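Q: Let me give you the structure first, and then I'll get to my questions.
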Amino acid sequence: MSETADWGHATDLDDIRAQVAIAGIGETAYTKASGRTAREIGAEAAERAIADAGLTPSDIDGITWSGAFADFDVDAFREHFGTSHEMWTSPWGGGMAWAATAPYLAARAIREGEARHVLNVFPVAWATQRASMTGGPGEVHAAQSLKQNLEVPFGWFPQPVYFASIMRRHMIEFGTLPSQFGAIAVACRRHANLHPDAVMHGRPMTLDDYLAAPYLAEPLRLLDSCLISDGGAAYVTTSVERARDLPHAPAVVRGVGEGYSASGTHWALQRAFTTTPQVFSAPRAFAMAGLSPADVDVLTVYDPFTVVSMMQIEDMGFCPKGEAGRFVEGDTLFHDSGKLPFNTHGGLLSHAYVLGIAHVVECVKQLRGVAAAQVPNCEVAVYGGYTGHMASTLVLTKDR
Amino acid sequence: MAIKRDDFPLPDVDDPLTTPFFAGAARGELLIPRCETCGEYVWYPQEACPRDGGGLTWSAVSGRGTLFTWAVVRRAFLPAFADRVPFVTALVALDEDPAVRLCTYVVDTAPEQLVADAPVAVCFRPLEFTTVPGRSVIVPMFTLT
Ligand SMILES: [Zn+2]
């Protein structure tokens, strides 16, 4: 499958290279069930991002959030901060794939003079909600009637089953081995153990531990799977010029990409079953940035299951299609000795399941040189977002 | 919670989008919507052909296909599956159009006997859950051929 394949397409985006930068980041604690609401978590992440940017809430004149999980939207912002000023808004931000494209929306708003400082925020309280048997990813999926009638009755549900099926097909087509999926999980856990704020900090894991873990749905093991967490993060995007006046070194947005599958939103029906729309998104983002995968110092990708990392590493061009299994073996993904430092905060597997927003924050920290598992001389940091039929790519660099 | 049916996770045979699928299975026929204009199969069912807007007719297919992929489910993700695990849930690609993949059970074969892209054939069996006593729905399942 190549970018010219007819199973999907890239979105045509304006060239926003080096127009905006992420100037502030904020994170809450990442935990198991906290008893907090997502709205409270979102407010705390927003407070911290605004403070990190050296700004006040009244300086924030644009906000993006996830319309699908609108726990901290513009109304929540106004209520929490007691503000009433006009704000540019979009519900097409937040986490997942939109954690990569929110800075693009911000860049357009800033260019049009509609905003100067745009906050993107994404909180989640799925650990708390799961404890009370409401919410969480499974419920979102079970509520769709076609899934209720054509998937769930046949046991093809929920996400671990979808991705076990994708994983098996990847093994069938490319000969990918269980230990190669395990290499991804081990690298993420290694990084989480260097990161005091990671949920799995202090819980070391070896490849043998991975291989001994129980299956949820064979060939997918428990340790191929993301956590369920409470937590949130936010970041502030502004013009590069403005960012240079703020306290932290700007993380410059150099490229953005977005790609879609034409096969709809059901995993069972993805024509390119073992390929993600990163094959459409990543080349566009790298082209906008004037960079290539070989230039990347740290990669974070949305990683609900190890196979999603495996596929995106291939589809973003870090190795040929089908060869990620061999590529990720050993220390390839390690922050210090690896040739592709990967999910250096621990990812959704071992840091926290906050749906990608912490991946972008990690990229910014790496460029600032303050990450817990810091990659030496990190100049180019990339986030790959994924939501099944959609993928997105964000290329961030040091200001230069 | 959007699921209020007391027969969940049995399929809702009264959902108009999929009623013919289950009515066909009850008669021993595997039916897939097909476009009256371009002749292509359209799966999952929808209101009209996404290519040309043509009307769709539920058409009988051979029931032959290949085992595209499968998972051996070992954890019961819903209470209804607690007494079924481990079980094999699969995607079967139909011979008429391999882009038509059915989520289904592969039955009468031990999981370790399954082989990628193996030929399979449909059979029609009652689907029952002990959590939904006294109810069953005939659905297409598959066996190795
Ligand atoms: Zn048609």
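The values are calculated or read from the model by the stated rules, or taken from the named source; none is laboratory data. It should be emphasised that the depicted structure is a prediction, and the values quoted were computed from it without experimental measurement. Backbone-built Cβ (ideal geometry, glycine too); neighbour counts: all protein chains shown. Calculation scope for accessible area: heavy atoms of the full protein, side chains included, ligands and nucleic acids excluded. Shrake-Rupley method; radii C 1.70, N 1.55, O 1.52, S 1.80 Å.
Residue by residue, here is whether (1) of a type outside the set (Lys, Arg); (2) in a helix (DSSP H, G or I) holds:
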{"site": "A:Ser34", "(1), (2)": "yes, no"}
{"site": "A:Ile63", "(1), (2)": "yes, no"}
{"site": "A:Phe72", "(1), (2)": "yes, no"}
{"site": "A:Ala76", "(1), (2)": "yes, yes"}
{"site": "A:His80", "(1), (2)": "yes, yes"}
{"site": "A:Leu105", "(1), (2)": "yes, yes"}
{"site": "A:Arg108", "(1), (2)": "no, yes"}
{"site": "A:Ala127", "(1), (2)": "yes, yes"}
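Q: Would you pick out the residues in region B:105-141 that are open to solvent by less than 80 Å² (accessible area, probe 1.4 Å), touching a helix residue (DSSP H, G or I) at 6+ places or on another chain (Cβ under 9 Å), over 16 Å from B:Arg64 (Cα atoms) and outside any strand (DSSP E or B)?
A: B:Phe129, B:Thr131, B:Val132
Q: Does B:Arg5 count as within 10 Å of another protein chain (Cβ to nearest Cβ) and without any contact (Cβ under 8 Å) to a residue 12 or more places away in the chain? I'd like the intermediate steps shown before the answer.
A: Working: within 10 Å of another protein chain (Cβ to nearest Cβ): yes; without any contact (Cβ under 8 Å) to a residue 12 or more places away in the chain: yes.
Yes, satisfied.
Q: Can I ask one more? So which of B:Asp52, B:Asp83, B:Asp7, B:Asp14 is closer than 17 Å to B:Ser136 by Cβ and either in contact with a Lys or Arg (Cβ under 6 Å, 6 or more places away or on another chain) or within 16 Å of the ligand (Cβ to nearest atom) (or both)?
A: Among B:Asp52, B:Asp83, B:Asp7, B:Asp14, only B:Asp7 is closer than 17 Å to B:Ser136 by Cβ and either in contact with a Lys or Arg (Cβ under 6 Å, 6 or more places away or on another chain) or within 16 Å of the ligand (Cβ to nearest atom) (or both).
Q: To continue, here is another question. Quick check: anything in region A:194-214 open to solvent by 10 Å² or more (accessible area, probe 1.4 Å), in contact with a strand residue (DSSP E or B) (Cβ under 8 Å, 6 or more places away or on another chain) and within 14 Å of chain B (Cβ to nearest Cβ)?
A: Among the residues of region A:194-214, at least one is open to solvent by 10 Å² or more (accessible area, probe 1.4 Å), in contact with a strand residue (DSSP E or B) (Cβ under 8 Å, 6 or more places away or on another chain) and within 14 Å of chain B (Cβ to nearest Cβ), which makes the answer yes.
Q: Could you list, ordered by first residue, the pairs with Cβ atoms under 9 Å in which the first is in region A:71-98 and over 18 Å from A:His117 (Cβ atoms) and the second is among the small types (Gly, Ala, Ser) and part of a loop (DSSP other than H, G, I, E, B), at least 6 apart or interchain?
A: Pairs that qualify, where the first residue is over 18 Å from A:His117 (Cβ atoms) and the partner is among the small types (Gly, Ala, Ser) and part of a loop (DSSP other than H, G, I, E, B), are A:Pro91/A:Ala70; A:Gly95/A:Gly356; A:Met96/A:Gly356; A:Ala97/A:Gly356; A:Trp98/A:Gly356.
Q: While we're here: From the residues in region A:148-192 that are open to solvent by 10 Å² or more (accessible area, probe 1.4 Å) and free of Cβ contacts under 8 Å to residues at least 12 places away in the same chain, which one is nearest to A:Leu222 (Cα to Cα)?
A: Result: A:Ile172.
Q: Identify all residues within region B:32-48 that are assigned to a loop (DSSP other than H, G, I, E, B) and either away from the ligand (no atom under 11 Å from the Cβ) or within 14 Å of another protein chain (Cβ to nearest Cβ) (or both); write none if there are none.
A: Matches in region B:32-48: B:Glu40, B:Val42, B:Trp43, B:Tyr44, B:Pro45, B:Gln46, B:Glu47.
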